[in-house]
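The values are calculated or read from the model by the stated rules, or taken from the named source; none is laboratory data. What you see is a predicted model, and the numbers here were worked out from it, not measured in a lab. Cβ: placed from backbone, ideal geometry, glycine included. Neighbour counts: every protein chain shown.
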Amino acid sequence: MEVIIQPTDETAAAFVATIVAHDLRANPHLVLGLATGKTMERVYRCLVRMHKEEKLDFSLCSTFNLDEYVGLSPSDPHSYRHYMDHHLFRHVNVDLRNTHLPNGLADDLEKECTRYEALIQRFGGIDLQLLGIGKAGHIGFNEPLSALRSRTRVKALTPTTLKQNAPSFGGEERVPRRAITMGVGTILESRRCLLLATGESKAEVIAKAVEGPITSMISATTLQLHPRCTVIVDESAAGQLKEKDYYRWIFANEPEWEEYR
Ligand code: GLP
């Protein structure tokens, strides 16, 4: 795991977008894993700007989102399909046929989860997976006690998550109780992971995810097992990390980061 501390939420998001753009230019057929949430909105704004101003080309890439609520149709403004259309897809030249999210309306949800896993495999696996982090430490909707080897499946959302996502639904009672999410095992199979966290409200969970023991209670801690995971935080989200000087030293000295400094 590597930790990169950026001065602000804007520069942290721009940093993530720059890595995505770099990997996309290196491999136009990139299979990109996407995340939702407020934090990611800034990343998508940067990518849209790069598409418009720097001709960043999405035409050959494919995308797989981490999760989708059960029971919401793609046109529902609260669905993650709608989120993706609104924040990214409709502003860039991605081929919509190559954009994938689990179908939260499927009659047979179990079958839908198996289909989604198989589809990821058919596309050769995920090259670059973007991740946010919930306040309880979930990645995707892998709530506490998610098995370290779990695959795409239906998860019941915890009270913390319902509370966290309530504002966008206009009340906790309106948040769907379940979601389909890629499993921890699915996420760990991606070739590269980028986790972005910004703001003071994420400081405690980031310290646990990066410096705490691996536990299924905090699914983000399992990223410590990933061979190529970069955590990008702003100063506020880095607030409770103990080894900040070390992370800064690595970033300043590691040749891989030369073009990003
Ligand atoms: C939801 C998503 C997660 C995301 C989290 C954080 O729970 N399922 O994938 O990481 O929200 O959201 P925010 O960026 O709004 O804090």
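A few comments on the model shown:
- Residues that are within 10 Å of the ligand (Cβ to nearest atom), out of contact with any Leu (no Cβ under 9 Å at 6 or more places or on another chain) and either closer than 30 Å to Asp127 by Cβ or of a type in the set (Val, Ile, Thr) (or both), drawn from the stretch 161-195: Thr161, Gln164, Ser168
- Search result, residues across the stretch 32-59 that are touching a Leu at 6+ places or on another chain (Cβ under 8 Å) and either more than 12 Å from the ligand (Cβ to nearest atom) or over 20 Å from Ser168 (Cβ atoms) (or both): Leu32, Gly33, Leu47, Val48, Met50, Leu56, Asp57, Phe58
Residues are listed down the side, and each one gets a yes or a no for (1) modelled with pLDDT under 95; (2) under 19 Å from Thr36 (Cβ atoms); (3) in contact with a His (Cβ under 8 Å, 6 or more places away or on another chain):
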site: Ser146; (1), (2), (3): no, yes, yes
site: Leu188; (1), (2), (3): no, no, yes
site: Ser201; (1), (2), (3): no, yes, no
site: Val231; (1), (2), (3): no, yes, no
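- Residue list for the stretch 132-154, restricted to those being within 21 Å of Glu117 (Cα to Cα), within 13 Å of the ligand (Cβ to nearest atom) and surrounded by 23 or more Cβ atoms within 10 Å (Cβ to Cβ): His138, Ile139, Gly140, Phe141, Asn142, Ser146
- Condition check for Glu68 on (1) farther than 15 Å from Pro176 by Cβ; (2) within 16 Å of the ligand (Cβ to nearest atom); (3) touching a helix residue (DSSP H, G or I) at 6+ places or on another chain (Cβ under 9 Å): one failure, at (1).
- Restricting Thr11, Thr39, Thr18 to those that are of a type in the set (S, T, N, Q) and touching a helix residue (DSSP H, G or I) at 6+ places or on another chain (Cβ under 7 Å) reduces the list to Thr18.
- Strands (runs of 3 or more DSSP E) contained entirely in the stretch 132-218, each with at least 1 residues that are under 19 Å from Ile4 (Cα atoms): 192-197
- Residue in the stretch 3-31 that is surrounded by the most Cβ atoms within 10 Å (Cβ to Cβ), counting only those that are closer than 9 Å to Ile232 by Cβ and within 17 Å of the chain's Cα centre (by Cα): Ala12
- Counting the residues of the stretch 52-86 that are in a helix (DSSP H, G or I) and either closer than 19 Å to Asn165 by Cβ or within 20 Å of the chain's Cα centre (by Cα) (or both) gives 7.
- Residue check for Val94: of a type in the set (A, V, I, L, M), within 28 Å of Ala21 (Cβ to Cβ) and in a helix (DSSP H, G or I): no
- Filtered by the rule that a residue be within 14 Å of the ligand (Cβ to nearest atom), within 23 Å of Arg122 (Cβ to Cβ) and in contact (Cβ under 8 Å) with a residue 24 or more places away in the chain, the stretch 71-94 gives Tyr80, Met84.
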